[in-house]
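*Asks:* The structure is given below, and queries will be raised subsequently.
The values are calculated or read from the model by the stated rules, or taken from the named source; none is laboratory data. As the structure is a prediction and not an experimental result, all values here were calculated from the model. Cβ placement follows ideal geometry from the backbone for every residue including glycine, while neighbour counts extend to all protein chains displayed.
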Amino acid sequence: MPEYEYRCPVCGSRTTRWHGMTEQPDVRCERKAAGARCGAKMKRVVSGGGAVLFPMSSRTRGVT
């Protein structure tokens, strides 16, 4: 399962959660401000993600 980052649109706090790609979790902000929880629904942050790396052959590296 991949890890996703979430940000609160109200207070700006961030958290990460592990869940499947097809799941739509209801992530609520747990930051305490002024003695009460924010409780706003957090939005998933779009990240750079991973890259697929392919090994280079001797032809593409210029090795003869």
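*Asks:* Considering segment 7-28 alone, what residues qualify as being surrounded by 13 or more Cβ atoms within 10 Å (Cβ to Cβ), touching a Pro at 6+ places or on another chain (Cβ under 9 Å) and not basic (K, R)?
*Replies:* H19
*Asks:* Listed residues V45, V10; which is within 11 Å of the chain's Cα centre (by Cα) and modelled with pLDDT under 90?
*Replies:* Checking each option against the conditions leaves just V45.
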